[in-house]
Amino acid sequence: MVINGKRIRAAAGLSGIVLMAGCATMTDRHGYMPDAELLAEVRVGQDTRETVDRLLGRPSTEGIVDQTGWYYVRSDYERVLWRAPVETDRQVLAISFDEADRVANIERFGLEAGRVVVLERRVTDSNTAGVSFLRQLFSNLGNFNPGQFFGGSE
């Protein structure tokens, strides 16, 4: 039986397309970051924890020690084939509340070249409460060795 040259070229072309599609970068997004339009509606010094909840929804993280802040966290990852996902972007929106449960500060942080940078800040004073928590959050997420949990070495 003779194999037709057109069929061979078509099969080779189809195989090439399937292989190229398999090498495509896949992106994943974890967490929730409120839209800029919704965030613009939050007024520092006027809105309360309840109105922020209605406008933006409950956060994924709240202040650990003193419950004075809400933290919305979003991370973007890229994955190619079988390789482990690589974090390409992380953003944190920190909303701090005063003793009367009114919004005191709104700050948005990003990750650039491995360092925490302030992307946007709307504050009632110059105090940046909770920054140490944010630095810990940015520096520790995703930086662990699974072998530590199974008796392996680093």
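The values are calculated or read from the model by the stated rules, or taken from the named source; none is laboratory data. Small disclaimer: the values here were computed from a predicted structure and weren't measured. Note that we place each Cβ from the backbone using ideal geometry, even for glycine, and neighbour counts take in every protein chain shown.
Numbers below:
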item	result
Pick from the stretch 80-95, criterion of a type outside the set (A, V, I, L, M) and assigned to a strand (DSSP E or B), ranking: farthest from D28 (Cα to Cα)	Q91
Matching residues, the stretch 96-111, being of a type in the set (D, E) and in a loop (DSSP other than H, G, I, E, B)	D98, E99, D101
Residue count for the stretch 14-67, restricted to those that are at pLDDT 80 or above and of a type in the set (A, V, I, L, M)	11
Selection within the stretch 33-50 - part of a helix (DSSP H, G or I) and closer than 25 Å to D76 by Cβ	A36, E37, L38, L39, A40
Number of the condition not met by Y72 [criteria: (1) at pLDDT 75 or above; (2) more than 30 Å from A24 (Cα to Cα)]	(2)
Qualifying residue in the stretch 55-76 (condition: touching a residue at least 40 places away in the same chain (Cβ under 8 Å), polar (S, T, N, Q) and part of a loop (DSSP other than H, G, I, E, B))	yes
Single residue of G142, G151 found to be at pLDDT below 60, exposed (fewer than 15 other Cβ atoms within 10 Å of the Cβ) and over 20 Å from R29 (Cβ atoms)	G151
